[in-house]
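Comments concern the structure below.
The values are calculated or read from the model by the stated rules, or taken from the named source; none is laboratory data. Note that the structure is predicted; figures quoted are calculated from it, not measured. Every residue, glycine among them, receives a Cβ derived from its backbone with ideal geometry; neighbour counts consider all protein chains shown. Ligands, DNA and RNA are excluded from the accessible area calculation, which covers all protein heavy atoms including side chains. Shrake-Rupley method; radii C 1.70, N 1.55, O 1.52, S 1.80 Å.
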Amino acid sequence: MNSTTAPTATAAEPDPGLAHLPADFLWGVATSSYQIEGAASEDGRTPSIWDTFCRVPGAVVGQHNGDVACDHYRRMPEDVAMIAGLGVNAYRFSIAWPRVQPHGRGPANARGLDFYKRLVDELLARGVQPWITLYHWDLPQELEDMGGWPARDTAYRFADYAALVQTALGDRVEHWTTLNEPWCSAYLGYAEGMHAPGRREPAAAAAATHHLLLGHGLVAQQLRDRATTPLKVGITLNLSDHLAASDDPGDLDALRRADGIANRLYLDPLLRGAYPADVVADLERQGIKLPVRDGDLEQIAQPLDTLGVNYYSHNTYAADPRADEGGGYGAGIRTVPQGAERTAMGWEVLPEGLTRLLVRLGRDYPGTPLVITENGAAYDDEVAPDGQVHDPLRVEYFRSHIAAVCRAAEQGADIRGYFAWSLMDNFEWAEGYRRRFGLVHVDYATQRRTLKDSAQWYSRLVERFSR
Ligand code: IFM
């Protein structure tokens, strides 16, 4: 490993409230396949929608792509050693569909699957639990050519692919997440066009939402039906905490619509077995109908062992006929800045929103354990003359957000784990490599990894918890 200084213990740091968390709490770090692996055409991998999208002029900052990324495909054993060196007990990563099932159909590609078998073996040998996400946005291009997620058939193709992965890894992996952030796949990919495949078709985005959720339901049931050892099934949603700017009926309705399209459109079918009637009505007013068939909602509402929560910021909404910032279909919503510090992504740092969100989930959707599957911040880090990366803003971001998690646990939310996003700097989608979310700095010219101060801080926190 060409990484760096091992984490060292320092003088006492403020306790964020760790005593409120259960003793078997999972502390992890997270990544995803396209963002770190590189090796885009090695060992039989075929292009995903992101390989294609990255080639569209202007789609990604600097026309960056994932061809090399963090070269993790080749450096995996050193990267796993680095993860284990942090002292975390779980690693969340995703499987590249076009690596294990090239072209999105047909038999498994043994060479692609071997990579994940070796990764899982390395993790287990070092006492780190693998936490698999089956889909983190890298749809095989051929499936997009046949309609992508707006086509119902893609949900069934997803189930076929998941079976191949389970056959290879099911005996050794306990934690399975079906989808990462279906709102992003559907809305950013098919309505807004700022993510792959770059389509701007609101009706297609609504269909994609339904078929992603259907795919989740098919895979969740299939994972359980085919399991030979006990497993746990979940889904990860990017959920935000939402408030209205005032009690004005217009602002309250802006809140209802924004929260409906971003949060409830996913939470309700998964955890209550029905789409929220008000959101369905909002969509229908825009001429958009979710393509629900008999039995779909029962299929989607499979029991969840955990709900994965990705939290980055909070949103306050106001009605504004000239704006369209509601994170979904329909205009007339403005987000109201709270005057907080912002990360390099421009996202306000509002940890209190994470407490409110977790408490709300426990109240409105009781009975499902929560795991924070992503939380973190991008800052413009640089290697200092002393060879270290000093990132006090990220340390404070993690400290304040972990304290927010502890406060939610104190208020009764059932929270089982926390994964920092991200293990290392990586390909930040439309932002390319200019945004750095890592605990570990990556020099893309040399692939040198350097633990940032935040990595050392996180490692000490985990150690303190385990004592
Ligand atoms: O990098 C992404 C990740 O892939 C999904 N959740 C949000 C992160 C930061 O934008």
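General remarks:
- Distance between the C-alpha centres of the stretch 129-151 and the stretch 42-80: 15 Å, rounded to the whole angstrom.
- Rough spin-label spacing in nm, given labels placed 7 Å along Cα→Cβ, for Ala81 and Leu243: 4.8 nm
- Rg followed by Dmax, in Å, when the stretch 208-268 is reduced to its Cα trace: 16.8, 55
- Mean Cα-pair separation over length for the stretch 128-221, i.e. relative contact order, pairs under 8 Å, 6 or more apart, %: 36 percent
- An ellipsoid equivalent to the stretch 331-410, defined through the eigenvalues of its Cα gyration tensor, has semi-axes of 28, 19, 10 Å when rounded to whole angstrom and sorted largest first.
- Normalised by 2.2 N^0.38 Å, where N is the number of residues, the alpha-carbon radius of gyration of the stretch 33-192 equals 1.02.
- Length gained when the stretch Met194-Ala323 is fully extended (0.36 nm per residue, less Cα-Cα span): 44.6 nm
- Positive-end extreme of charge dipole, the stretch 65-214 - chosen from Trp149, Ala196, Trp131 (charges on Cβ): Trp131
- Shape call, the stretch 249-329: gyration tensor on alpha carbons, a/c limit 1.5: oblate
- Gap separating the Cα centres of the stretch 195-252 and the stretch 408-430, nearest whole Å: 17 Å
- Value of D in µm² per second that Stokes-Einstein yields for the chain, Kirkwood Rh from Cα pairs, at 25 °C (0.890 mPa s): 110 µm²/s
- Volume of the convex hull of the stretch 242-294 (Cα atoms only), normalised per residue: 84 Å³.
- Bridge orientation summary for the chain: considering DSSP beta bridges with both residues in this region, about 20 percent are antiparallel.
- Approximate spin-label separation Arg342-Val56, in nm, with each point projected 7 Å along Cα-to-Cβ: 2.5 nm
- Counting only protein heavy atoms and a probe of 1.4 Å, the accessible surface of the chain is 51% carbon and sulfur.
- Accessible area in square angstrom per residue, the stretch 13-152, 1.4 angstrom probe: 33 Å²
- The peptide list 328-340, 172-184, 198-210, put in order of mean Cβ contacts within 10 Å with the highest first, becomes 172-184, 198-210, 328-340.
- Computed across the stretch 276-404, the Kirkwood radius stands at 18.1 Å (inverse of mean 1/r, all Cα pairs).
- Efficiency of FRET between Arg74 and Ser400 - r from beta-carbon atoms, R0 30 angstrom, step 0.05: 0.25
- Solvent exposure of the stretch 170-286, expressed per residue, is 34 Å² of accessible area, with all protein chains present and a 1.4 angstrom probe.
- With all protein chains kept in place, the per residue accessible area of the stretch 364-461 amounts to 31 square angstrom at a probe of 1.4 angstrom.
- Among residues other than Gln447 with Cβ under 14 Å from its Cβ, the summed charge is -3 (Lys and Arg +1, Asp and Glu -1).
- Take the convex hull of the alpha carbons in the stretch 139-224; its mean projected area over all directions comes to 5.3 nm².
- Viscosity 0.890 mPa s, temperature 25 °C, Stokes-Einstein D of the stretch 324-467 from Kirkwood C-alpha radius, µm²/s: 145 µm²/s
- Unit Cα scatterers, Debye sum, the stretch 164-270: log10 I(q)/I(0) for q = 0.15, 0.19, 0.22 Å⁻¹: -0.74, -0.98, -1.12
- Calculated FRET efficiency, Glu463 to Arg152, Cβ-Cβ distance, R0 = 60 Å: about 0.80 to the nearest 0.05.
- For the stretch 326-437, with +1 on Lys and Arg beta carbons and -1 on Asp and Glu, the positive-most of Tyr329, Thr355, Ala404 along the dipole: Tyr329
- Rounded if a/c under 1.5, otherwise prolate or oblate - the stretch 40-120, Cα gyration tensor axes: oblate
- Between Asp15 and Val292, the contour length at 0.36 nm per residue exceeds the Cα-Cα span by 94.9 nm.
- Protection proxy ranking of 126-135, 305-314 - average other beta-carbon atoms within 10 Å, highest first: 305-314, 126-135
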